[in-house]
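A short worksheet on the structure shown next.
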Amino acid sequence: MNRFIAFIFVSILALAAVACAQTKPNAASDANAGKETAAVDKAPSEASGSKILVAYFSATGVTEKAAQQIADATGGTLYKIQPETPYSDADLDWHNEQSRSSVEMADKASRPAIAGKPEKLEEYSVVYLGFPIWWYTAPTIINTFIEANSLNGKTVIPFATSGGSTIDKACADLKTAYPEINWKEGRLLNRVTEQELKDWTASQH
């Protein structure tokens, strides 16, 4: 009788041990599942380990729309480069050689004043830099922005909008003027699909 009771007791202990052992892997799986969910919920810029700034100059609003799309795709922070004196329609009349934009673009040393600076720029390792193409290159206000802020060592990705020009000369001019910056290949964003934009930004960092 005592042997039978002892056998029952030992059997109960063995079953309890097996049950405990089976619950441990499930707990670990739950913890891992939580980690995976957290990773999915992160913005792309956080998941990639890079903090992204999307800085742009937009005179008519076209480049601003492209910048917003990049910010949405990357989780980046938008920053609008604003001239101290806004451009009027007359200023943007490229048919008039005496218009403000014509005069600025004719003078390579022109540096239109800008209002403000991005906060905590040192925290960003990747900067998308957007602008409309003026006279086949970047507006000189972009030079003002670069020279007023420390972009040395950062990855800078140009993007632009244009009525007909390519971004090639703008990129070449910027690389020549600022060789200390880690430039990546730029892209025109006039007619890209949402998926094309996502694929392009994902390949940059």
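The values are calculated or read from the model by the stated rules, or taken from the named source; none is laboratory data. These numbers were taken from a predicted model, which means no experiment stands behind them. Using ideal geometry, Cβ is built from the backbone for each residue, glycine included, and neighbour counts are taken over all protein chains shown.
Here are the numbers for this structure:
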{"item": "Top-ranked residue in region 151-179 [being under 17 Å from the mean Cα position of the chain (by Cα) and among the small types (Gly, Ala, Ser); ranked as farthest from Asn190 (Cα to Cα)]", "result": "Gly153"}
{"item": "Residues (in contact with a Ser or Thr (Cβ under 9 Å, 6 or more places away or on another chain), of a type in the set (Gly, Ala, Ser) and assigned to a loop (DSSP other than H, G, I, E, B)) located in region 152-205", "result": "Gly153, Ser165"}
{"item": "Residues (modelled with pLDDT under 95, β-branched (Val, Ile, Thr) and out of contact with any helix residue (DSSP H, G or I) (no Cβ under 8 Å at 6 or more places or on another chain)) located in region 165-194", "result": "Thr193"}
{"item": "Subset of region 76-104 (residues that are exposed (fewer than 13 other Cβ atoms within 10 Å of the Cβ) and either without any contact (Cβ under 8 Å) to a residue 24 or more places away in the chain or among the aliphatic types (A, V, I, L, M) (or both))", "result": "Pro86, Ser88, Asp89, Ala90, His95, Glu97, Gln98"}
{"item": "Check on Thr140, among the β-branched types (Val, Ile, Thr) and out of contact with any helix residue (DSSP H, G or I) (no Cβ under 9 Å at 6 or more places or on another chain)", "result": "no"}
{"item": "Subset tally (residues that are at negative phi and more than 14 Å from the chain's Cα centre (by Cα)) for region 54-63", "result": "6"}
{"item": "In region 118-151, the residues that are part of a loop (DSSP other than H, G, I, E, B) and farther than 20 Å from Ile70 by Cβ", "result": "Trp135, Tyr136, Ser150"}
{"item": "Contacts under 8 angstrom Cβ, first residue in region 166-180 being surrounded by 14 or more Cβ atoms within 10 Å (Cβ to Cβ), partner basic (Lys, Arg) and not in a loop (DSSP other than H, G, I, E, B), 6 or more apart", "result": "Ile167/Arg187"}
{"item": "In region 76-117, residue farthest from the chain's Cα centre (by Cα) [restricted to those that are of a type in the set (Val, Ile, Thr) and part of a strand (DSSP E or B)]", "result": "Ile114"}
{"item": "Matching entry among Asn149, Asn143 (being closer than 24 Å to Ala106 by Cβ and touching a Lys or Arg at 6+ places or on another chain (Cβ under 9 Å))", "result": "Asn143"}
